[in-house]
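S.K.: Questions regarding the structure given below will be posed in turn.
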Amino acid sequence: MAGRYDSNQAFERIEKSVSGYQVGNRTESLAQLAWFLHVSFRMEDPEDDPSINEALCDGGNDKGIDALVPSHPTRELFLFQSKRSRNGRSQEGDTELRKLYAAREFFASRAAVEGLLKGKINEELRGLLMRHEVPQLVEDGYEIRLCFVTNSELAKDAREFIDAVGKGSPELLDVWDRPRLNGLAEETQPAELCPDDCALTAPAGWTRLDLAGGVAMVVTVVPAVDLVRLPGIDDLKLFGGFRIPCG
């Protein structure tokens, strides 16, 4: 059963999840967005594949767009904006939400996208638009989806703006605030190690295998009745690992 939501704990949990994505010259907001794209949009880990880095853009004249991701199977074009606060008591108002919402006008038609490309815009954004052939995607009828990611709680004016927009097109603007990101962080956090020592019976003895790099592995057969009694099997902490003495 999930525990009661605690805003401060949620903030710390999200910060812990995002910390591993603070690499290179990424801003704090882009690190948060890289984590979100990895765990929510199932984009590859940036350490193994450049797909996340290639989706991100930031800096002046980015028109409020921090990432752009086309989904060809669903014929959708996702525009992302990320705001990350270092204050656990922070609230997100409607200002940045309105900027992202207004950005959809740049994708209203092929001519609108081409006009954007001709204007003074961030070079990373220009590269995204050209690399993904966005003018053609818009002409082909790809739906524009807006996704706003923030580790803050939503202020009253932000909630009112989301409600107002949702009455016209509930699928257009998807907002991931602290409570939603907390749920995502809970679902994707690595299993904790069990703190207990656990002794198991090995009727047939055990075999030690010496592997490369000074690593050894012990192989044995354990009765199933002993395994089902192990603490942590109900909440899967068992698979995080026990310290099992092999004397």
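The values are calculated or read from the model by the stated rules, or taken from the named source; none is laboratory data. Not measured: the values here are computed from a predicted model. Here the Cβ is made from the backbone with ideal geometry for all residues, glycine too, and neighbour counts use every protein chain on show.
S.K.: Would you call Glu105 among the acidic types (Asp, Glu), under 25 Å from Ser40 (Cβ atoms) and out of contact with any Pro (no Cβ under 8 Å at 6 or more places or on another chain)?
M.R.: Working: among the acidic types (Asp, Glu): yes; under 25 Å from Ser40 (Cβ atoms): no; out of contact with any Pro (no Cβ under 8 Å at 6 or more places or on another chain): yes.
When the stated conditions are applied, Glu105 does not pass them.
S.K.: Would you check if there is a residue in the stretch 122-141 being of a type in the set (Lys, Arg), more than 17 Å from Ala102 (Cβ to Cβ) and in contact (Cβ under 8 Å) with a residue 40 or more places away in the chain? Steps first, answer last, please.
M.R.: The initial filter retains those residues of the stretch 122-141 that are of a type in the set (Lys, Arg), namely 126, 131.
Now drop any that are not more than 17 Å from Ala102 (Cβ to Cβ), which leaves 126, 131.
Applying the additional criterion that residues be in contact (Cβ under 8 Å) with a residue 40 or more places away in the chain yields 131.
Yes, there is a match, as at least one residue in the stretch 122-141 is of a type in the set (Lys, Arg), more than 17 Å from Ala102 (Cβ to Cβ) and in contact (Cβ under 8 Å) with a residue 40 or more places away in the chain.
Yes or no, residue by residue, for (1) among the β-branched types (Val, Ile, Thr); (2) in contact with a Leu (Cβ under 9 Å, 6 or more places away or on another chain):
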{"site": "Asn53", "(1), (2)": "no, no"}
{"site": "Ser71", "(1), (2)": "no, yes"}
{"site": "Thr74", "(1), (2)": "yes, no"}
{"site": "Phe80", "(1), (2)": "no, yes"}
{"site": "Val113", "(1), (2)": "yes, yes"}
{"site": "Leu117", "(1), (2)": "no, yes"}
{"site": "Leu129", "(1), (2)": "no, yes"}
{"site": "Glu139", "(1), (2)": "no, no"}
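S.K.: Taking the stretch 163-172 as the region of interest, how many residues are under 14 Å from Arg98 (Cα atoms) and either crowded, with 20+ Cβ neighbours inside 10 Å or free of Cβ contacts under 8 Å to residues at least 24 places away in the same chain (or both)? Even if it seems obvious, please write down each step before you answer.
M.R.: So in the stretch 163-172, the residues under 14 Å from Arg98 (Cα atoms) come out as 163-166, 172.
Now narrow it down to the ones that are either crowded, with 20+ Cβ neighbours inside 10 Å or free of Cβ contacts under 8 Å to residues at least 24 places away in the same chain (or both): 163-164, 166.
Matching residues across the stretch 163-172 total 3.
S.K.: Quick one: would you say Ser109 is free of Cβ contacts under 8 Å to residues at least 60 places away in the same chain and more than 22 Å from Ser82 (Cβ to Cβ)? Please lay out each step first, then the result.
M.R.: Working: free of Cβ contacts under 8 Å to residues at least 60 places away in the same chain: yes; more than 22 Å from Ser82 (Cβ to Cβ): yes.
Spelling it out, Ser109 is indeed free of Cβ contacts under 8 Å to residues at least 60 places away in the same chain and more than 22 Å from Ser82 (Cβ to Cβ).
S.K.: So which residues in the stretch 108-158 are in a loop (DSSP other than H, G, I, E, B), farther than 15 Å from Pro70 by Cα and at pLDDT 95 or above, if there are any at all?
M.R.: Residues of the stretch 108-158 in a loop (DSSP other than H, G, I, E, B): 108-109, 119-122, 132-133, 140-142, 151-152, 155.
Checking which are farther than 15 Å from Pro70 by Cα leaves us with 108-109, 119-122, 151-152, 155.
Within the stretch 108-158, Ala108, Ser109, Asn151, Ser152, Ala155 meet the criteria.
S.K.: So which residues in the stretch 20-46 are free of Cβ contacts under 8 Å to residues at least 12 places away in the same chain and within 14 Å of Arg84 (Cβ to Cβ), if there are any at all?
M.R.: Hit for the stretch 20-46 is Gln22, nothing else.
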